[in-house]
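Bear in mind that the values in this text are calculations on the coordinates, not laboratory data. Worth saying up front: this structure is predicted, and the values here are computed from it rather than measured. Note: ideal-geometry Cβ built from the backbone for every residue, glycine included; neighbour counts use all protein chains shown.
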Amino acid sequence: MRELNRQYRGKDKTTDVLSFPQIKRFERFEQLELSPIPLGDIVINLHQAKRQAKEHGLSFYDEVSWLLIHGLLHLLGYDHEKSKYQARKMREMERELLEVMGIR
């Protein structure tokens, strides 16, 4: 995971999740076809997820679910590293989706 993070993001450290979008940017969700489309790939570092689950007081399943949601939101165009506003929007959406799933 460290190698992927270094190669694709220029960050020489491990990370918990990486997203690789297949679609550059959604201008408007309404323009998407209703048929399934591949958004991209999500790579989850299961070793890191196990460590973080303990730190966050979550089950391994719940931590991996959170990382999957986080990665999916990146594929949909959310980016918490752009600004504080964007980070807040992404965290709110994560919380909402986790709540719907009965996590946290």
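Placing unit charges on the Cβ atoms only, positive for Lys and Arg and negative for Asp and Glu, gives the chain a dipole magnitude near 480 debye about its Cα centre.
Computed over the chain, relative contact order equals 23 percent, with contacts defined as Cα pairs under 8 Å that lie 6+ residues apart. The slack between Gln22 and Arg88, meaning 0.36 nm per residue of separation minus the straight C-alpha distance, is 21.3 nm.
For the chain, report the % of Cα-Cα distances exceeding 15 Å. The proportion of pairs with Cα distances above 15 Å equals 68 percent.
Using the Cβ-Cβ distance between His47 and Leu68 with R0 set to 22 Å, the FRET efficiency from 1/(1 + (r/R0)^6) comes to roughly 0.85.
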